[in-house]
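The values are calculated or read from the model by the stated rules, or taken from the named source; none is laboratory data. Fair warning: this is a prediction, and the values are worked out from it, not measured in the lab. Neighbour counts run over all protein chains shown; Cβ positions are idealised from the backbone, glycine included.
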Amino acid sequence: MALWGNKDTAYSTGTVNVDLTADRIHGTVGVVTFTDNVEVGNVITVGTGATYGYAVITGVSSARLSIASTAGFVAGLSTVTAATYNVSEEPIYAATGVFGAPEIKTTGYSANPLFGGIVGVSTLEQEVARDAGSKFRPAHAGWVGIVTYVDAHGNFRVKSETFVAGSSITGDAADDAQYPES
C-alpha cells in the first residue's frame, strides 16, 4: 500500500472482537471477508469515535487482522467484544501524537475534549463548512486532524491540522456532524 490512500472508509461491515494480548482482531457478525476489502497498512479504528482505540494493520486473512501495536488502544484494555469499527486509508504517521485517539481523551488542550481524530475531508465537505461559517472549516480538503474541546473559559474550540492536502477523499465515514455534504 502507498503511504496513504483516499478512502475515509475502506471497510466497516459488521463488528469485531479485539484480543489485545495476541495483537489480533477477529471479524464477527456481518463481516463478509477482510481479504477482499482490507490491506496491510490500513488503519483500523475500533468503537465509535475511537472509543477503544486504533491500530495499523500488519496482516489480513479472511476473518482476522493482525495489528502492529496495541499502543493506540485505551490503557488497561485486554479485549473488546462486538465493537463497531472503521478501516481507512489515512496516513499512518498522522495517527500518532495529539490527533491520535484515544490519548486525546485524557491529555491535550483541556480536561474535557469532545472529539479527537483524523478524518478525510472531501472538497465538497470543505466548501459546505466554509460557506456555513462552521467552526469545522479546515484550511484544505484531504486528511485532517481535528480536536474539539471546551477551553478554561467555557468556550467551544476546534483545532485542526491538514496532514495531507487532497481533493479526492471518498468513502465517507461517520463525520457528517462535523463535515456535512450539503
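What to note about this one:
So that you can scan it fast, the table gives a plain yes or no per residue for (1) assigned to a loop (DSSP other than H, G, I, E, B); (2) closer than 29 Å to Leu3 by Cα; (3) under 12 Å from the mean Cα position of the chain (by Cα); (4) free of Cβ contacts under 8 Å to residues at least 60 places away in the same chain:
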residue: Gly120; (1), (2), (3), (4): no, yes, yes, no
residue: Glu125; (1), (2), (3), (4): no, yes, no, yes
residue: Val128; (1), (2), (3), (4): no, yes, no, yes
residue: Pro138; (1), (2), (3), (4): yes, yes, no, yes
residue: Trp143; (1), (2), (3), (4): no, yes, yes, no
residue: Ile146; (1), (2), (3), (4): no, yes, yes, yes
residue: Tyr149; (1), (2), (3), (4): no, no, no, yes
residue: Gly154; (1), (2), (3), (4): yes, no, no, yes
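- Selection from the stretch 34-53 of residues that are part of a loop (DSSP other than H, G, I, E, B), modelled with pLDDT of 85 or more and either touching a Phe, Trp or Tyr at 6+ places or on another chain (Cβ under 8 Å) or not hydrophobic (A, V, I, L, M, F, W, C) (or both): Phe34, Thr35, Asp36, Asn37, Val38, Glu39, Gly41, Asn42, Gly47, Tyr52
- Whichever residue in the stretch 135-164 is over 21 Å from Glu90 (Cα atoms) and touching a Pro at 6+ places or on another chain (Cβ under 9 Å) and, among such residues, is surrounded by the fewest Cβ atoms within 10 Å (Cβ to Cβ): Val150
- Count - residues of the stretch 61-79 that are crowded, with 19+ Cβ neighbours inside 10 Å and not in a loop (DSSP other than H, G, I, E, B): 3
- Hits in the stretch 1-33 (condition: in a loop (DSSP other than H, G, I, E, B), in contact with a strand residue (DSSP E or B) (Cβ under 7 Å, 6 or more places away or on another chain) and closer than 18 Å to Gly120 by Cα): Trp4, Asn6, Asp8, Thr9, Ala10, Ser12
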